[in-house]
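None of the figures in this text is laboratory data; all of them are computed from the coordinates on show. Remember, predicted model here, so these are calculated numbers, not experimental data. Cβ: placed from backbone, ideal geometry, glycine included. Neighbour counts: every protein chain shown.
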Amino acid sequence: MARKNQTLGEFIIENQSAFPYSSGELSRLINSIRLAAKVVNHEVNKAGLVDIIGAAGETNIQGEEQQKLDVYANEKFIQTLTNREIVCGIASEENDEFITIQGQNKDHQNKYVVLMDPLDGSSNIDVNVSVGTIFSVYRRVTPLGTPVTEEDFLQPGNQQVAAGYVVYGTSTMLVYTTGHGVNGFTLNPAIGTYYLSHPNMQFPDSGRIYSINEGNYNHFPQGVKDYIKYCQAEEEDRPYTSRYIGSLVSDIHRNMIKGGIYIYPKSSKSSNGKLRLLYECNPMAFIAEQAGGKASDGFQRIMDIKPTELHQRIPFFCGSKKMVEKAEEFMKNAP
Ligand code: AHM
Ligand code: MG
């Protein structure tokens, strides 16, 4: 049972039996993410102080400039996960190809693959605004004893066994689910311990916040334009409040606590939107659904989409259930 002031370590041990496969491996995996997140947090907090921010001069597969902290976070998470005998493969938004981990005995006996966005919203680093880490965990589908293949990573989101995010904000929080609700832990930086601060997180059924980059309005599909006008109309409890940080983790985190919807639609400039199905949308969708919210591409459930490629993008509507349903209604009825 969750109780306030429980440390994340205690929570993991006490809830181990509720995990779908209770051999302890998933607990160890969450533990290593917790550890890597602490290391990354330490570095992120120093971003304004030392010469670590700024472009590292490399370009990732999406053609975006990488900043040093992205590279750092990517390396730390990969290192921490690789050094433990749990994970057989890692796919990261920052790497073109997935990584195969054969394990100490080189016999490919580890069961889980991790997919992650090590530092999301990195354009916010230079201006001291919150960024986050997003992760998603699946059991491999290819036989133990063989190297992982792309098939292990291209599973629909409904096969996730765990997902979570870390938000490096005014406080650093780790929020995750193993399919039994969503719990949030806040880091006490003085002693390096996460405490259960947000047990059983729930999206309010409806809310009054809409989060979308309205600068792209002219390029949005008609259904999204109509929904935005609906949010702005002076009727019932509207107009809603517009809040957009441009950092997916922070925008979703706020909306989960206060009630709201996040939308990154397709546009005439980008036919599938911007966000990645595997590293961003699926884990956020799992968390949203576990918290009583909803996630769709505007028409269908995100977690039922069968991925076709590692860096696939998808339109994303996520948040309070009634708000997502309303937005879907506008999408369906748009001319
Ligand atoms: P990133 O993975 O390159 O950081 O991009 C993802 C981020 C999200 O966190 C955020 O919601 C979105 O991009 C903002 O994009 P835009 O500036 O187009 O609104
Ligand atoms: Mg990202």
Report summary line: Longest principal axis of the chain (C-alpha) makes with the long axis of helix 321-333 (C-alpha) an angle, in degrees to the nearest 10, of 60
Query raised in the report: What is the distance, in nm, between label points placed 7 Å from the Cα along the Cα-to-Cβ direction at K46 and at E235?
Result: 5.5
Query raised in the report: If you rank S242, S197 by fewest surrounding Cβ atoms within 10 Å, what's the result?
Result: S242, S197
**Report entry** Nearest-ten-degree value, helix 222-232 long axis tilted from longest Cα axis of the chain
**Finding:** 80
Query - For the stretch 67-126, size of Cβ-based charge dipole, Lys and Arg +1, Asp and Glu -1, in debye - result: 380
**Report entry** Built amide H within the under 5 Å cut-off of M201, gap 5+
**Finding:** V182, N183, G184
Query - HN-Hα J in Hz across the stretch 177-183 - Karplus 6.51, -1.76, 1.60, θ = phi - 60°, x for Gly and Pro - result: 9, 10, x, 10, x, 10, 10
Query raised in the report: Once amide H atoms are built 1.01 Å from N in the peptide plane, which residues 5 or more positions from G259, or in another chain, come under 5 Å H to H?
Result: none
Query raised in the report: Dipole magnitude of the chain about its Cα centre, charges +1 at Lys/Arg Cβ and -1 at Asp/Glu Cβ only, in debye to the nearest 20?
Result: 740
Query raised in the report: To the nearest 10 degrees, how steeply does helix 68-82 sit against the main Cα axis of the chain, on a 0 to 90 scale?
Result: 50
**Report entry** Hz values of 3J(HN,Hα) by residue in the stretch 4-10 - Karplus curve (6.51, -1.76, 1.60), Gly and Pro given as x
**Finding:** 4, 6, 5, 7, 4, x, 5
Query raised in the report: For R3 and D107 in one chain, what is 0.36 nm times their gap in residues minus the Cα-Cα distance, to one decimal in nm?
Result: 33.5 nm
Report task. Determine the gain in length on full extension of the stretch E309-E75; use 0.36 nm per residue of separation and subtract their C-alpha separation, reporting nm with one decimal. Result -> 82.0 nm
Query - With 20 Å bins from 0: P(r) over the chain, alpha-carbon pairs, percent - result: 32, 59, 8, 0
